[in-house]
Amino acid sequence: MKRKLQTLFLAYLEKSSMAEIRLEHVSYRYSPDTPFEKVALQDIDLSFTPGKITGVIGHTGSGKSTLAQLLNGILRPTEGRVLLDGEELFVNAKSRHAARFRVGLVFQYPEYQLFEETVFQDIAFGPKNRGKSNEEIQRLVEEAAHFTGVEPDLMDKSPFELSGGQKRRVAIAGVLAMDPEVLVLDEPAAGLDPSGREEILGRLVTYQRERGKTVLLISHSMEDVARFADELLVLKEGTAFLHDTVEKVFSDPEKLTEAHLALPQITRLILDLKARGIPVPASVHTVSDALFLLKKLLKEGT
Ligand SMILES: Nc1ncnc2c1ncn2[C@@H]1O[C@H](COP(=O)(O)OP(=O)(O)OP(=O)(O)O)[C@@H](O)[C@H]1O
Ligand SMILES: [Mg+2]
């Protein structure tokens, strides 16, 4: 009995920490009712699966960053509603302010996000606003900085003295330090070198898996979303063109072409082998995994 209760409680905790974001017929127009009006998103009606990583992909200008900013209340939908755990984000200034801290957004350009005098103050901004004590702030900042690879000697520097890669890490640390319920990452690895990219994406995924966060990973890289996402949302000219598991979305390369996107090269190779009757799993998207698989097949004489 005790064991059963423990299991139920753990399941409850797990579930309760998973936030749901829902968009109800959301549209967004920049400069509405002016000669400069631009429809960026049109009638998006979907939920992001709680506790999963949804990769958001789409050609440049398809509306990815606009979507990101609608999710944490920076932008207000021109039509429709954004709901976080069933509550509308934009009821009043208070709910909108709260949304900024409940949904952590790492901006596409870190320069838009960093504004304090020192790196420490920048990372501390979120926990401070969430009313944490000084000791807690110190701990959260140190943890987040360590996690994202921000060196301790950068803490007293101005964020503007940093390199592009360091700014990116500080911006991510600032969002993680708030411990948001939902994490929206707009091209979080852009501007990092390949090893930094690997490292930061790997760590973010570990963070998500350990804490069961709902994460949106916006990326230009089909390889990255293939490897790290559970589900994909494909935007095409401001509409939700496809929204399904990675496997399902990747199983129709022609549909992706319609959205001006292409499968990762390795995935194409694997699907080609599959079409020729070679027994390969469809979930191989990286060179190293493909190499491992092909070596195994050769050894077995397939
Ligand atoms: N401040 C703005 N004023 C007017 N139009 C804008 C503004 N910001 C974006 N847009 C337009 O809205 C559309 C969607 O832009 P958005 O930045 O959301 O696309 P994106 O998918 O993030 O693109 P990218 O891949 O280049 O980052 C584009 O046509 C863009 O030109
Ligand atoms: Mg963008």
_Per-bin percent of Cα-Cα distances, the stretch 160-302 [10 Å]_ = 10, 35, 32, 18, 5, 0
*Counting only DSSP beta bridges with both residues in the stretch 2-246, tell me the antiparallel percent, nearest 5.*
55 percent
*Please compute the Cα-Cα pair-distance distribution of the stretch 2-246 with 5 Å bins starting at 0, giving whole percents from short to long.*
1, 6, 13, 17, 19, 17, 13, 8, 4, 1, 0, 0, 0, 0
*Could you look at the stretch 2-246 and say what percent of its accessible area is carbon and sulfur, using a 1.4 Å probe and all protein chains?*
51 percent
*Between Leu232, Leu273, Leu105, which gets the highest mean-square fluctuation from a Gaussian network model of the chain, Cα cutoff 10 Å?*
Leu273
*So, by mean Cβ neighbours within 10 angstrom, what's the order for 29-41, 75-87 with the highest one leading?*
75-87, 29-41
*Return a whole-number percent for the relative contact order of the chain, with Cα pairs under 8 Å and 6 or more residues apart as the contact set.*
21 percent
*Once you have the Cα-Cα distance between Ser95 and Arg203, take 0.36 nm times their residue separation minus that, and quote the gain in nm to one decimal.*
35.9 nm
*Wrap a convex hull around the Cα atoms of the stretch 45-129, take a quarter of its surface area, and give that in square nanometres.*
6.9 nm²
_If the reach is capped at under 20 angstrom between alpha carbons, list the lysines near Lys132, excluding any in the same chain fewer than eight residues apart._
Lys94
*1.4 Å probe accessible area per residue over the chain, in Å²*: 53 Å²
_C-alpha center-to-center spacing [the stretch 193-268, the stretch 55-95] in angstrom_ = 19 Å
_List the pairs from Lys248/Lys296; Lys38/Lys213; Lys274/Lys296; Lys236/Lys274 whose alpha-carbon separation is above 22 Å, in the order I gave them._
Lys248/Lys296; Lys38/Lys213; Lys236/Lys274
*With runs of 4+ DSSP H residues as the only contributors, calculate the mean residue ellipticity of the chain at 222 nm using -39,500 (n - 2.57) per run, divided by the residue total and rounded to the nearest 500.*
-13500 deg cm²/dmol
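The values are calculated or read from the model by the stated rules, or taken from the named source; none is laboratory data. All of these numbers come straight from a predicted model, not from anything done at the bench. Glycine also receives a Cβ, built like all others from the backbone with ideal geometry; neighbour counts cover every protein chain displayed. Note: areas computed on protein heavy atoms with side chains; ligands, DNA, RNA excluded. Shrake-Rupley method; radii C 1.70, N 1.55, O 1.52, S 1.80 Å.
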